[in-house]
Amino acid sequence: MSQDIAMNRPELIQVVDNVARDKSIEREEVFIIMEQAIQKAGRSKYGQEKDIRANIDRKTGEIRLARYLEVIEETQVIEDENTQISLINALKKKENVAAGEFLIDPLPPIDFGRISSQMAKQVIVQRVREAERARQYEEYKSRAGEIVNGQVKRSEFGNVVVDLGRAEAVLRRDELIPREHLKSGDRVRAFILDVRQEVRGPQIFLSRTCPEFMAMLFSQEVPEIYDGIIEIKGVARDPGSRAKIAVISKDNSIDPVGACVGMRGSRVQAVVNELQGEKIDIIQWNDDPATFVVNGLAPAEVSKVVLDEDSGRIEVVVPDDQLSLAIGRRGQNVRLASQLTGWVIDILTEDQESARRQEEFHSRSQTFIQGLDVDEVIAHLLVTEGFTSIEEIAFVPNEELISIEGFDEEIAAELKERSQVYLEELNIKLKDKLSELQISDDLRESNINGLDIKLIITLGENGIKTLDQLADLASDELLEIIKSDTISIDQANEIIMKAREHWFEDEDTIAKDEDTTAKDTDVKTSDIKA
């Protein structure tokens, strides 16, 4: 390194130009790095406590080394004699110097010893590496979400380091396609998943398993997607095995599925080859959830679809011979369809659906027979017309009951009266149960949407008897206690957050009381002083 510092000045300029070009760093930045290295070596010779600064002439490469002393007013106290000098002493060395300026003492050329040279070399290498990493971060942080090509450099504990030409990236083991083996020197395409600063410097993370990678591959292979004529609405993947992609065309004259498949499957086959043979189902997106789910379960045929928007579930009925195809190996087909559509899909065969309907019909008929004291004919008519509970009969308009074949005004009035009596008696029993379980008033009177008296009793039977105990629950614990499909995970979260509201109100009240007390104290203190 001593030779590097003592080199001819034009050679120094040449070294700076070479480093800037090879490392893709600004020329000025390399000069600054070398100046820092030289001044560090200078301090090791003249004293670490001194303010030694180096300067390299940008045109000639001449190195100048100097000691800087800050000029201090006479009224000020010198805190460090190594970096500061009084104004009187400064005037003895240089005329017309003022406080706040620096007295610059040029230092003679130094012969860099081995230790100083090593130190300077380490600083240069370290700073160049830091500058290179900073440049990589600035260049790639805005490229997250792009596909890049690189060459496998090495493997580290299953993770693959990829040389991108101007930077290195990491393809972690869990972001590799299963059973994919990349060797040193292999060319690889991957998706920039994230670029972030870490302790060891900026890191570029790649992925070959994320859904976005497949979407970007189709965008590269299908011009209509790149041009925005066809839009990718969703992707669901089981990496290395199977995937589903939903597309829609903004031009009615273009078939989105056919365009993605390509002539004789050329376009989709190019993506399949890149993904190590992953089978891809291309599905036409539809804004009607039922149609979209039916498309998503392809190649299975669907007989019937029943949506439950409140719980986000959809029931799909398929012929007996289509059940295994709809579910797929290890539930793969229905799982991917669920991920793609965003609906929880329950699959039943036609026989299972028929048996369940019969069971529901019988169960509801028995509810009406026992609760309203009617015969089977009337109960069956009510169930057939779509009534599912006695509450519905109590509050439905008379016209709807009279419109049922065989019902007149007298029967409708009698049914409404019996249903109201039943609900009153049931309400008395439920209130007695609340008292028996010793449910607190704050839980009874909470008026939380979705938390009716039956659910409160269920909570009480499981030891949840106060509003605070309900607020302490997690949503999955609440669902486990209720053991019912009557509420979803979102509704459970809403109930618990509503139960916790009084905590925050109490905190606000305490804070206001403390603030008021503090103000009263201030007033009393001012009165005493007065």
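The values are calculated or read from the model by the stated rules, or taken from the named source; none is laboratory data. In this text the structure is predicted, and so the values were computed from the model without any measurement. Using ideal geometry, Cβ is built from the backbone for each residue, glycine included, and neighbour counts are taken over all protein chains shown. Side chains are part of the model used for accessible areas, which takes the heavy atoms of the whole protein and leaves out ligands, DNA and RNA. Shrake-Rupley method; radii C 1.70, N 1.55, O 1.52, S 1.80 Å.
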Note to self: Can you pull out every residue in region 156-175 that is surrounded by 15 or more Cβ atoms within 10 Å (Cβ to Cβ) and free of Cβ contacts under 8 Å to residues at least 12 places away in the same chain?
What the structure shows: Val161
Check: How many residues does region 286-299 contain that are at pLDDT 90 or above and surrounded by fewer than 20 Cβ atoms within 10 Å (Cβ to Cβ)?
Finding: 6
Check: Out of all the residues in region 483-497, which are closer than 11 Å to Leu451 by Cα, open to solvent by less than 30 Å² (accessible area, probe 1.4 Å) and modelled with pLDDT under 80?
Finding: Ile487
Item checked: Given (1) touching a helix residue (DSSP H, G or I) at 6+ places or on another chain (Cβ under 8 Å); (2) closer than 22 Å to Arg143 by Cβ, number of the condition Gln203 does not satisfy -> (1)
Check: Condition test on Ala355, is it under 45 Å from the mean Cα position of the chain (by Cα), closer than 27 Å to Lys304 by Cα and among the aliphatic types (A, V, I, L, M)?
Finding: yes
Checklist line | Residues that are over 13 Å from Val195 (Cα atoms), out of contact with any Gly (no Cβ under 8 Å at 6 or more places or on another chain) and small (Gly, Ala, Ser), drawn from region 124-174 | finding: Ala131, Ser155, Gly158
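Conditions (1) part of a loop (DSSP other than H, G, I, E, B); (2) touching a helix residue (DSSP H, G or I) at 6+ places or on another chain (Cβ under 7 Å); (3) at pLDDT below 95; (4) open to solvent by 60 Å² or more (accessible area, probe 1.4 Å), marked per residue:
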| residue | (1), (2), (3), (4) |
| --- | --- |
| Ile177 | yes, no, yes, no |
| Leu182 | yes, no, yes, no |
| Gly185 | yes, no, yes, no |
| Ile192 | no, yes, yes, no |
| Gln197 | no, yes, yes, yes |
| Ser219 | no, yes, yes, no |
| Ser253 | yes, no, yes, yes |
Item checked: Candidates Ile390, Ile439, Ile404, filtered to the one that is among the β-branched types (Val, Ile, Thr) and touching a Lys or Arg at 6+ places or on another chain (Cβ under 8 Å) -> Ile439
Next item on the list: Scan region 85-99 and report the pairs whose first residue is within 11 Å of Glu74 (Cβ to Cβ) and whose second residue is modelled with pLDDT of 80 or more and of a type outside the set (A, V, I, L, M), with Cβ atoms within less than 8 Å and a gap of 6+ or a chain change.
Entry: Leu87/Glu73; Ala99/Glu73
Item checked: Boolean, Ile245 is aliphatic (A, V, I, L, M) and either within 26 Å of the chain's Cα centre (by Cα) or surrounded by 14 or more Cβ atoms within 10 Å (Cβ to Cβ) (or both) -> yes
Next item on the list: Take region 27-52 and flag every residue that is in contact (Cβ under 8 Å) with a residue 24 or more places away in the chain, part of a loop (DSSP other than H, G, I, E, B) and either open to solvent by 40 Å² or more (accessible area, probe 1.4 Å) or closer than 27 Å to Tyr137 by Cα (or both).
Entry: Glu49, Lys50
Item checked: Number of positions in region 328-357 that are under 24 Å from Lys233 (Cβ atoms), open to solvent by 40 Å² or more (accessible area, probe 1.4 Å) and among the aliphatic types (A, V, I, L, M) -> 1
Check: If we scan region 316-326, do we find a residue that is open to solvent by 30 Å² or more (accessible area, probe 1.4 Å) and closer than 20 Å to Pro211 by Cβ?
Finding: no
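This table checks each residue for (1) open to solvent by 30 Å² or more (accessible area, probe 1.4 Å); (2) in contact with a Cys (Cβ under 9 Å, 6 or more places away or on another chain); (3) closer than 20 Å to Glu231 by Cα.
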site	(1), (2), (3)
Ser266	yes, no, yes
Glu278	no, no, no
Gln284	yes, no, yes
Glu301	yes, no, no
Next item on the list: Starting from residues that are of a type in the set (A, V, I, L, M, F, W, C) and more than 12 Å from Glu29 (Cβ to Cβ), keep the ones in region 125-155 and report whichever is surrounded by the fewest Cβ atoms within 10 Å (Cβ to Cβ).
Entry: Val125
Item checked: Given (1) over 47 Å from the mean Cα position of the chain (by Cα); (2) free of Cβ contacts under 8 Å to residues at least 24 places away in the same chain, index of the condition Val374 fails -> (2)
Next item on the list: Being of a type in the set (A, V, I, L, M), open to solvent by 30 Å² or more (accessible area, probe 1.4 Å) and within 26 Å of Gln126 (Cβ to Cβ) is the filter here, so list the residues in region 199-216 that pass it.
Entry: Val199
Next item on the list: Considering (1) within 29 Å of Gly240 (Cα to Cα); (2) at pLDDT 90 or above, say which one Arg329 fails and leave the rest.
Entry: (2)
Next item on the list: Residue by residue through region 288-315, note down the ones that are part of a strand (DSSP E or B) and within 25 Å of the chain's Cα centre (by Cα).
Entry: Arg313
Next item on the list: Could you please find all residues in region 48-107 being at pLDDT 85 or above and β-branched (Val, Ile, Thr)?
Entry: Ile52, Val71, Ile72
Next item on the list: Report whether or not Leu193 is closer than 22 Å to Val271 by Cβ and touching a residue at least 40 places away in the same chain (Cβ under 8 Å).
Entry: yes
Checklist line | Looking only at region 221-242, and only at residues there that are touching a residue at least 60 places away in the same chain (Cβ under 8 Å) and open to solvent by less than 40 Å² (accessible area, probe 1.4 Å), the one that is farthest from Ile177 (Cα to Cα) | finding: Gly234
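Per-residue answers, yes or no, for (1) open to solvent by less than 60 Å² (accessible area, probe 1.4 Å); (2) in contact with a Leu (Cβ under 8 Å, 6 or more places away or on another chain):
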{"residue": "Glu376", "(1), (2)": "no, no"}
{"residue": "Glu385", "(1), (2)": "no, no"}
{"residue": "Glu392", "(1), (2)": "no, no"}
{"residue": "Gly406", "(1), (2)": "no, yes"}
{"residue": "Lys429", "(1), (2)": "no, no"}
{"residue": "Glu436", "(1), (2)": "no, no"}
{"residue": "Leu443", "(1), (2)": "yes, yes"}
{"residue": "Asn449", "(1), (2)": "no, no"}
